[in-house]
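Novice: Sharing a structure with you now.
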Amino acid sequence: MTKVHNFSAGPGILPQEVLQQAANACINFDNLNLSLLEISHRSKNYEAVIQNARALVKELLHLDDDFEVLFLGGGASLQFAMVPYNLLRTNGKAGYVNTGVWASKAIKESKIIGSTEVIASSEDKNFNYVPKDYTIPTDLDYLHITSNNTIYGTQIKKFPKTSVPLVCDMSSDIFSREVNGNDFALIYAGAQKNMGPAGTTMVAVRKSILGKTERKMLSMLDYNVHIKGASMYNTPPVFPIYVSMLTMEWLKNNGGIKHIENINNKKANLLYTEIDRNSAFKGTAAIDDRSNMNVTFIMDKPELEPIFDKMAKEAGLSGIRGHRDVGGYRASLYNALPLESVQALVDVMQHFEKTNG
Ligand SMILES: *Cc1c(COP(=O)(O)O)cnc(C)c1O
């Protein structure tokens with residue numbers, strides 16, 4: 001079997017050793033001779049998993065004691081609704097920076113719940129850059145940003161400084177670089193990009209920003225209910241949380257975020273250098289805003305795409321086609337993707353240039 005290089009944008013690549021541990025736990029978890037999938041979430045063995053997962057998030061994001069960490073269902077998309085539902089006051093106002101499809105969906109939900117202002121947008125250039133130097137109104141209940149734009153391949157390199165509570169969708173670059181979580185009021189991330197498998201969403205929220213809306217809250221949509229239940233108000237997604245915990249342990253045991261950030265920089269530099277050098281390809285994102293996680297590029301002669309696709313397939317490159325809304329190519333370089341996979345992609349690009357350029 002040829003080695004497969006997995007550039008999938010999401011669900012994305014997980015470390016091989018994590019997959020092995022996860023597979024073992026499906027058969028015999030903690031030497032209980034029971035599967036992780038068939039025991040109570042209230043058992044002492046599972047309680048240890050969710051507590052450990054919550055503690056690892058706090059450690060990796062350097063969160064202070066005002067923060068609570070939750071693992072919820074419903075995907076990052078449910079957070080598009082839960083954020084305004086929990087933070088936007090009846091007479092208040094939310095601010096959003098629109099940097100792509102996901103931010104637009106978050107804005108749509110917020111508008112249903114209350115007064116919502118888009119304070120900056122890169123829609124004018126098909127979201128190929130990140131707006132900067134915009135004015136943030138000081139009367140906002142919160143400002144919502146998206147740290148990495150999975151579809152367009154842009155990433156915020158410097159987070160805005162503001163006195164307004166900052167809410168960030170970090171679904172596609174969480175744990176890819178050092179971030180001081182205390183600069184935020186709420187961070188959320190669907191697990192399936194860079195943290196674990198699909199099925200759970202991590203929410204880290206400051207307790208002190210909650211309970212200000214005077215809204216009558218539905219229990220399942222109320223962060224305070226989940227906090228009180230220690231992230232087990234209802235049966236949590238036990239398996240995705242377990243695999244997320246394993247992935248965070250893997251990260252910690254392999255040098256931590258500083259180390260992975262260095263490798264992520266190397267991987268991205270290798271690929272962007274080739275995109276800029278190779279006459280057959282061009283990058284689509286503004287150079288200063290290029291994402292280290294999702295690298296988007298197009299072919300100079302799009303009619304030759306089938307030839308490149310065939311070469312890529314033969315070399316074991318998987319998941320490099322662009323998002324269906326934008327076309328072209330997208331190589332996702334999540335934490336678990338080794339440098340050698342990026343080299344394999346670069347080799348194919350060079351071979352393509354020589355034979356078809
Ligand atoms: C994938 C993605 C989402 C949507 O996540 P779901 O878990 O499918 O709801 C939201 N935001 C960003 C930045 C994403 O990459």
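Novice: Just for the stretch 157-180: of the residues that are surrounded by fewer than 22 Cβ atoms within 10 Å (Cβ to Cβ) and under 19 Å from PHE80 (Cα atoms), which one is farthest from the ligand (Cβ to nearest atom)? Outline the logic, then answer.
Specialist: As a first pass, look at the stretch 157-180 and keep what is surrounded by fewer than 22 Cβ atoms within 10 Å (Cβ to Cβ): 157-166, 177-180.
From the residues that got through so far, the ones that are under 19 Å from PHE80 (Cα atoms) too are 164-166.
Details: VAL164: 21, PRO165: 19, LEU166: 16 Å.
Ranking the candidates gives VAL164 first.
Novice: If you don't mind, another one. Within the stretch 107-120, track down each residue that is away from the ligand (no atom under 16 Å from the Cβ) and out of contact with any helix residue (DSSP H, G or I) (no Cβ under 7 Å at 6 or more places or on another chain). Explain how you work it out, then say what you get.
Specialist: Start the filter on the stretch 107-120 by keeping residues that are away from the ligand (no atom under 16 Å from the Cβ), which leaves 111-120.
If the condition is that a residue be away from the ligand (no atom under 16 Å from the Cβ) and out of contact with any helix residue (DSSP H, G or I) (no Cβ under 7 Å at 6 or more places or on another chain), then LYS111, ILE112, SER115, GLU117, ILE119, ALA120 are the ones that fit.
Novice: Tell me, yes or no, whether the stretch 123-131 has at least one residue that is within 16 Å of the ligand (Cβ to nearest atom) and either outside the structural domain of PHE159 (by TED's automatic domain parsing) or among the small types (Gly, Ala, Ser) (or both).
Specialist: Scanning the stretch 123-131 turns up no residue that is within 16 Å of the ligand (Cβ to nearest atom) and either outside the structural domain of PHE159 (by TED's automatic domain parsing) or among the small types (Gly, Ala, Ser) (or both).
Novice: Could I ask something else about it? Out of the stretch 165-200, which residues are in a strand (DSSP E or B) and over 9 Å from the mean Cα position of the chain (by Cα)? Give the derivation first.
Specialist: Filtering the stretch 165-200 for residues in a strand (DSSP E or B) gives 166-169, 186-190.
Selection gives LEU166, VAL167, CYS168, LEU186, ILE187.
Novice: Can you name every residue in the stretch 258-291 that is over 19 Å from the mean Cα position of the chain (by Cα) and either part of a helix (DSSP H, G or I) or in the same structural domain as ILE174 (by TED's automatic domain parsing) (or both)? Walk me through how you get there before you give the answer.
Specialist: Residues of the stretch 258-291 that are over 19 Å from the mean Cα position of the chain (by Cα), as a first pass: 266, 269-284, 286-288.
Within the stretch 258-291, LYS266, ASN269, LEU270, LEU271, TYR272, THR273, GLU274, ILE275, ASP276, ARG277, ILE287, ASP288 meet the criteria.
Novice: Just the residues that are assigned to a loop (DSSP other than H, G, I, E, B) and in contact with a helix residue (DSSP H, G or I) (Cβ under 8 Å, 6 or more places away or on another chain), please, taken from the stretch 219-249. Steps first, answer last, please.
Specialist: Within the stretch 219-249, the first condition is being assigned to a loop (DSSP other than H, G, I, E, B), and the residues that meet it are 222, 229-237.
Across the stretch 219-249, the qualifying residues are ASP222, ALA230, SER231, MET232, TYR233, ASN234, PRO236.
Novice: If you don't mind, another one. Here is a check on your reading of the model: is ALA25 within 24 Å of LYS252 (Cα to Cα) and surrounded by 14 or more Cβ atoms within 10 Å (Cβ to Cβ)? Lay out the reasoning, then the answer.
Specialist: Numbers: within 24 Å of LYS252 (Cα to Cα): yes; surrounded by 14 or more Cβ atoms within 10 Å (Cβ to Cβ): yes.
Yes.
Novice: Determine if the stretch 61-71 includes at least one residue that is within 24 Å of ALA9 (Cβ to Cβ), away from the ligand (no atom under 16 Å from the Cβ) and either within 21 Å of the chain's Cα centre (by Cα) or touching a residue at least 24 places away in the same chain (Cβ under 8 Å) (or both). Lay out the reasoning, then the answer.
Specialist: Let us first name the residues in the stretch 61-71 that are within 24 Å of ALA9 (Cβ to Cβ), namely 61, 71.
Narrowing further to those that are away from the ligand (no atom under 16 Å from the Cβ): 61.
Now restrict to residues that are either within 21 Å of the chain's Cα centre (by Cα) or touching a residue at least 24 places away in the same chain (Cβ under 8 Å) (or both): 61.
Checking the stretch 61-71: at least one residue is within 24 Å of ALA9 (Cβ to Cβ), away from the ligand (no atom under 16 Å from the Cβ) and either within 21 Å of the chain's Cα centre (by Cα) or touching a residue at least 24 places away in the same chain (Cβ under 8 Å) (or both).
Novice: Please determine whether any residue of the stretch 44-56 is hydrophobic (A, V, I, L, M, F, W, C) and within 24 Å of MET217 (Cβ to Cβ).
Specialist: Start the filter on the stretch 44-56 by keeping residues that are hydrophobic (A, V, I, L, M, F, W, C), which leaves 48-50, 53, 55-56.
Checking the rest, the ones that are also within 24 Å of MET217 (Cβ to Cβ) come to 50.
The answer is yes, given that some residue of the stretch 44-56 is hydrophobic (A, V, I, L, M, F, W, C) and within 24 Å of MET217 (Cβ to Cβ).
The values are calculated or read from the model by the stated rules, or taken from the named source; none is laboratory data. Quick caveat, the model's predicted, so the values are computed rather than measured. Cβ: placed from backbone, ideal geometry, glycine included. Neighbour counts: every protein chain shown.
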